[in-house]
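Written below as structure tokens is the structure these notes are about.
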Number of protein chains: 2
Amino acid sequence: MELIRRVHLMREISQEARGKGRKIALAPTMGALHDGHLSLVRRARELGDIVVVSIFVNPTQFGPEEDYARYPRDLGRDADLCIQEGVDYVFAPEPQDMYPDGFGTYVDVLELSAVLEGATRPGHFRGVCTVVLKLFNIVRPHFAVFGQKDAQQAVILKRMARDLNLDVELIVGVTVRNEDGLALSSRNAFLSPEERRAATKLFRALEEGRRLIESAGETRGPVVEATVRKALAGSKSLRVDYVAVVDSDKLAPVEQISGSTLIALAAWVGETRLIDNVTATPAAAAVGRSGPDLS
Amino acid sequence: MELIRRVHLMREISQEARGKGRKIALAPTMGALHDGHLSLVRRARELGDIVVVSIFVNPTQFGPEEDYARYPRDLGRDADLCIQEGVDYVFAPEPQDMYPDGFGTYVDVLELSAVLEGATRPGHFRGVCTVVLKLFNIVRPHFAVFGQKDAQQAVILKRMARDLNLDVELIVGVTVRNEDGLALSSRNAFLSPEERRAATKLFRALEEGRRLIESAGETRGPVVEATVRKALAGSKSLRVDYVAVVDSDKLAPVEQISGSTLIALAAWVGETRLIDNVTATPAAAAVGRSGPDLS
């Protein structure tokens with residue numbers, strides 16, 4: 001494994017690899033790697049001849065009041081984990097190299113970026129899209145692997161890739177969870193033991209919403225949303241930011257559920273903001289998708 | 001010469017050419033080709049093994065009140081000219097193929113896009129940057145040639161290329177002019193004979209500004225600007241939009257001229273809006289740039 005700190009070096013490496021016909025797979029991260037990231041890295045390992053893990057806590061996707069400064073960083077440990085996973089290159093550039101003086105170019109995916117996370121975190125997806133496009137141009141991957149935990153991010157980046165004619169295939173890896181269901185997140189490290197217990201409510205509430213759609217046949221989006229909200233209530237250290245029942249591709253609120261539906265939420269657990277989501281498909285639509293079973 | 005109308009075909013062609021190690025040079029245009037464009041095409045011919053001329057009247061760079069609908073289009077004639085110039089591919093996509101349903105991704109170069117043309121034409125450079133980035137991703141050129149007549153566009157696109165780590169070299173070709181100095185422009189076709197005569201004032205006024213800086217030793221930006229404005233006055237069919245004396249790279253107004261300076265203007269000649277510019281460097285700075293001459 002080689003640790004690359006300079007943009008121009010990473011470019012040279014990827015150009016040379018491409019020139020030799022090697023397939024490059026990128027797993028972009030902000031470091032503080034956990035098993036969720038490592039599952040993406042393994043996915044990248046399956047897809048590419050060369051695996052690049054980028055580790056960059058991207059300042060432009062944090063709001064001024066957000067946790068950029070205290071976001072966990074441990075490049076030494078991250079590098080060790082990447083070695084264990086057989087990663088070829090860890091690309092960990094300096095902010096000044098990514099955003100040199102006079103930097104002023106930003107990418108926006110309108111509409112999709114205005115809802116859910118974007119409503120609470122204005123400018124967040126502008127920062128995400130901009131840094132991901134830069135990483136794509138530097139690393140020039142054939143495949144890029146993102147996590148389903150950041151469901152809206154994945155939808156937005158796929159739209160960006162289509163709209164800008166990017167020559168990269170985006171892969172979305174499933175959310176990795178603790179045994180009690182809590183989605184792995186670098187921010188879980190901020191939780192106190194009590195908050196950690198409260199945080200398990202997030203996935204349980206989402207699962208109630210999914211059961212309502214997939215098993216109980218509920219088709220009214222607002223009813224599903226209310227059920228999830230109710231399941232989150234009653235904990236002093238948990239405060240809901242949003243619960244949304246939306247179309248999986250367009251992220252528009254769904255009144256009448258008929259196809260693949262995203263149930264997404266964000267909540268403050270103490271001082272830590274966590275997100276999670278599940279996808280649910282009504283039994284009828286799930287059958288319809290694979291064709292009628294007449295046997 | 002092959003005329004390519006579909007995005008996916010152009011991608012395949014450029015991928016194959018790159019795979020064979022051929023250098024691709026792109027001259028992006030909106031068609032209605034004149035000798036100014038052809039000088040860029042010849043520059044591309046010198047640079048690349050394969051020359052692509054894109055012809056696309058890009059809707060996203062026109063404001064709602066602007067001349068998108070009446071912008072001159074003559075693909076047959078343009079294609080003939082490209083054949084004569086030895087162009088390999090004319091890429092002339094349909095708007096629907098460039099901006100499919102649900103398109104929502106845009107690129108902005110902040111600050112540089114807010115002044116001069118951007119102040120009069122809000123959203124113009126967002127449209128330019130977005131389409132140029134798309135063209136770069138589709139054609140994957142090693143070189144892209146733009147005209148100095150669109151000086152601000154060239155500065156903005158260079159900034160975009162740097163900021164987004166694009167792997168393309170931007171070349172700026174000199175402005176081609178009629179014998180009387182009027183810069184070639186597809187929009188000149190809209191001018192009446194009287195307007196055509198009035199339009200010659202634009203370059204004459206710019207030249208007065210340049211002489212003031214380069215020969216008369218004037219270093220006060222506002223004085224140069226006033227002189228250019230005065231030279232433009234007195235014609236009923238000519239109305240100034242802006243005259244600006246700015247730093248050639250940062251496009252910021254220059255009070256005290258010391259280095260390469262852009263004198264740029266836009267004016268309405270009848271119903272047609274024309275732009276032009278010259279670059280001026282004070283004698284002292286010009287000498288300084290190439291080192292002291294002690295002979």
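The values are calculated or read from the model by the stated rules, or taken from the named source; none is laboratory data. All values reported here derive from a predicted model rather than from experimental measurement. Every residue, glycine as well, gets a Cβ built from its backbone with ideal geometry; the counts of neighbours run over all protein chains shown.
State yes or no: is residue A:162 surrounded by fewer than 21 Cβ atoms within 10 Å (Cβ to Cβ) and either β-branched (Val, Ile, Thr) or modelled with pLDDT of 95 or more (or both)? Criteria met by residue A:162. With respect to residue B:97, determine if the residue is within 13 Å of another protein chain (Cβ to nearest Cβ) and more than 19 Å from the chain's Cα centre (by Cα). Yes; evaluated as a whole, the condition is true for this residue. The residues of region B:2-27 that are within 14 Å of chain A (Cβ to nearest Cβ) and under 17 Å from residue B:153 (Cβ atoms) amount to a single one, B:26.
Conditions tested, residue by residue: (1) touching a residue at least 24 places away in the same chain (Cβ under 8 Å); (2) over 20 Å from residue A:183 (Cβ atoms); (3) buried (at least 22 other Cβ atoms within 10 Å of the Cβ).
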site: A:1; (1), (2), (3): yes, yes, no
site: A:5; (1), (2), (3): yes, yes, no
site: A:19; (1), (2), (3): no, yes, no
site: A:29; (1), (2), (3): yes, no, yes
site: A:34; (1), (2), (3): yes, no, no
site: A:39; (1), (2), (3): yes, no, no
site: A:45; (1), (2), (3): yes, yes, no
site: A:59; (1), (2), (3): yes, yes, no
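Could you tell me whether residue A:172 is at negative phi, within 14 Å of another protein chain (Cβ to nearest Cβ) and not charged (D, E, K, R)? No. Among the conditions (1) under 22 Å from the mean Cα position of the chain (by Cα); (2) part of a helix (DSSP H, G or I); (3) hydrophobic (A, V, I, L, M, F, W, C); (4) buried (at least 16 other Cβ atoms within 10 Å of the Cβ), the only one that residue A:172 does not satisfy is (2). Here residue B:114 meets the list (1) in contact (Cβ under 8 Å) with a residue 60 or more places away in the chain; (2) within 14 Å of chain A (Cβ to nearest Cβ); (3) closer than 18 Å to residue B:150 by Cα almost entirely, failing just condition (1).
Scanning for something part of a helix (DSSP H, G or I), charged (D, E, K, R) and surrounded by 15 or more Cβ atoms within 10 Å (Cβ to Cβ), does region A:122-130 turn up at least one residue? Within region A:122-130, one or more residues are part of a helix (DSSP H, G or I), charged (D, E, K, R) and surrounded by 15 or more Cβ atoms within 10 Å (Cβ to Cβ).
Residues in region B:131-149 that are surrounded by fewer than 24 Cβ atoms within 10 Å (Cβ to Cβ) and assigned to a loop (DSSP other than H, G, I, E, B) were compared, and the one that is nearest to the other protein chains (Cβ to nearest Cβ) is B:140. Taking the criterion of being in a loop (DSSP other than H, G, I, E, B), within 22 Å of the chain's Cα centre (by Cα) and among the charged types (D, E, K, R), would at least one residue in region B:265-274 satisfy it? Yes, region B:265-274 contains at least one residue that is in a loop (DSSP other than H, G, I, E, B), within 22 Å of the chain's Cα centre (by Cα) and among the charged types (D, E, K, R). Within region B:202-260, the set of residues being assigned to a loop (DSSP other than H, G, I, E, B), among the charged types (D, E, K, R) and under 22 Å from residue B:285 (Cα atoms) comprises B:218, B:249, B:250, B:255.
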